[in-house]
Amino acid sequence: MKEEYEDLILKVTGAEALHTGAKIQTLWSGYGEIVRVHLQGSKRSSAVLKHIVLPQEPRNTTLSHQRKVKSYQVEMTWYKNYSTNDKCRIPECLAAGSFGNEQLIVLEDLDLAGFDLRKNSVDVTGMESCLSWLANFHGRFMGAEPQGLWQTGTYWHLETRPEELEAMADKELKSAAQKIDGILSSCRFKTIVHGDAKLDNFCFSGRLPVVAAVDFQYVGGGCGMKDVAYFLGSCMQERECERLVPGLLDHYFRAESSR
């Protein structure tokens with residue numbers, strides 16, 4: 001790790017020394033990594049560092065590369081300028097900055113806050129916890145302008161996915177895509193959406209009834225149902241969705257109305 005990066009982390013955490021721990025995740029197409037940093041002499045025993053390294057030569061199509069670069073800029077803006085509450089918990093941002101073609105985001109380690117469980121599958125209770133997070137998140141930002149974020153949030157926003165649309169094998173769904181997108185874009189109640197609300201991006205707790213969420217590269221304006229549908233699709237197969245979705249949607253709307 002570069003000395004200036006170490007100095008920044010030591011300054012914002014009040015630590016006397018640090019050492020880099022295990023890699024948590026490699027970023028998409030090798031655009032950096034997320035690592036845990038262990039601290040000495042700080043009230044925090046660790047922090048999480050998201051280190052983005054933008055390649056000099058794009059490794060993917062120009063559109064894909066540009067979308068990814070903007071996503072990291074949006075995420076920095078999110079962590080710097082937006083806040084939530086305990087009902088839709090996110091990691092505290094300790095520092096965020098750009099250094100040439102590299103970007104650093106220093107975050108609270110959610111493991112230390114009790115959100116130390118990651119799940120590949122969940123039961124109905126687990127899905128309800130995540131839907132409660134989404135309901136409170138959407139309710140908190142209902143009617144808000146997504147300043148500095150994606151004007152239209154979500155990872156699968158149609159306007160930013162012309163290559164994927166062209167490659168779709170389901171011709172009936174492909175032909176309906178523009179109409180579906182138009183209905184979602186013209187919805188009456190708009191909010192800020194997480195944008196990539198899959199199960200992988202929720203952190204669970206063994207002792208708390210709530211969850212936390214991470215990864216805000218595609219946060220922006222839109223219809224909250226985009227998050228809900230994407231989340232449910234990341235948890236269940238089609239037949240299970242048909243059986244459980246009505247009750248889960250009821251839970252989501254109850255949580256939103258009671259916030």
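Structure values in brief
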| item | result |
| --- | --- |
| Residue satisfying all of: in region 214-240; over 13 Å from the mean Cα position of the chain (by Cα) and part of a loop (DSSP other than H, G, I, E, B); farthest from F137 (Cα to Cα) among these | Q237 |
| Residues (without any contact (Cβ under 8 Å) to a residue 60 or more places away in the chain, open to solvent by 10 Å² or more (accessible area, probe 1.4 Å) and over 14 Å from the mean Cα position of the chain (by Cα)) located in region 188-213 | R188, F189, K190 |
| Residue match in region 170-192 (condition: assigned to a loop (DSSP other than H, G, I, E, B) and modelled with pLDDT of 95 or more) | yes |
| Near pairs, Cβ below 8 angstrom, 6+ apart or cross-chain, from region 103-132 (farther than 28 Å from Y5 by Cβ) to any residue that is loosely packed, with under 14 Cβ neighbours inside 10 Å and at pLDDT below 95 | L117/G206; S129/P209 |
| Filtered residues of region 47-97 (kept if part of a strand (DSSP E or B), surrounded by 18 or more Cβ atoms within 10 Å (Cβ to Cβ) and of a type in the set (V, I, T)) | V48, I52 |
| Sole exception among (1) buried (at least 18 other Cβ atoms within 10 Å of the Cβ); (2) of a type outside the set (G, A, S); (3) in contact with a helix residue (DSSP H, G or I) (Cβ under 6 Å, 6 or more places away or on another chain) for M168, by number | (1) |
| Residue, nearest to E102 (Cα to Cα), within region 30-46, restricted to residues that are out of contact with any Asp or Glu (no Cβ under 9 Å at 6 or more places or on another chain) and surrounded by 15 or more Cβ atoms within 10 Å (Cβ to Cβ) | Y31 |
| Meets criteria (touching a helix residue (DSSP H, G or I) at 6+ places or on another chain (Cβ under 7 Å), open to solvent by 30 Å² or more (accessible area, probe 1.4 Å), small (G, A, S) and touching a residue at least 24 places away in the same chain (Cβ under 8 Å)) for S185 | no |
| The one condition in (1) open to solvent by less than 20 Å² (accessible area, probe 1.4 Å); (2) within 16 Å of the chain's Cα centre (by Cα); (3) at pLDDT below 95 that W156 fails to fulfil | (1) |
| Test: L27 is modelled with pLDDT of 95 or more and surrounded by 14 or more Cβ atoms within 10 Å (Cβ to Cβ) | no |
| Close pairs from region 77-95: first in contact (Cβ under 8 Å) with a residue 60 or more places away in the chain and hydroxyl-bearing (S, T, Y), partner in a loop (DSSP other than H, G, I, E, B) and open to solvent by 20 Å² or more (accessible area, probe 1.4 Å), Cβ under 7 Å, at least 6 apart | T77/G148 |
| Check on F137, within 21 Å of C235 (Cβ to Cβ) and more than 15 Å from the chain's Cα centre (by Cα) | no |
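Yes/no matrix, rows are residues, columns are (1) out of contact with any Leu (no Cβ under 7 Å at 6 or more places or on another chain); (2) closer than 15 Å to V122 by Cβ; (3) surrounded by 19 or more Cβ atoms within 10 Å (Cβ to Cβ):
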residue: Y218; (1), (2), (3): yes, no, yes
residue: M225; (1), (2), (3): yes, no, no
residue: G233; (1), (2), (3): yes, yes, no
residue: E238; (1), (2), (3): yes, no, no
residue: E242; (1), (2), (3): yes, no, no
residue: P246; (1), (2), (3): yes, no, no
residue: R254; (1), (2), (3): yes, no, no
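The values are calculated or read from the model by the stated rules, or taken from the named source; none is laboratory data. Source: prediction; values computed, not measured. Heads up, the Cβs are rebuilt from the backbone with ideal geometry, glycines too, and the neighbour counts pull from every protein chain shown. These area figures cover heavy atoms from the full protein model, side chains too; ligands, DNA and RNA do not enter into them. Shrake-Rupley method; radii C 1.70, N 1.55, O 1.52, S 1.80 Å.
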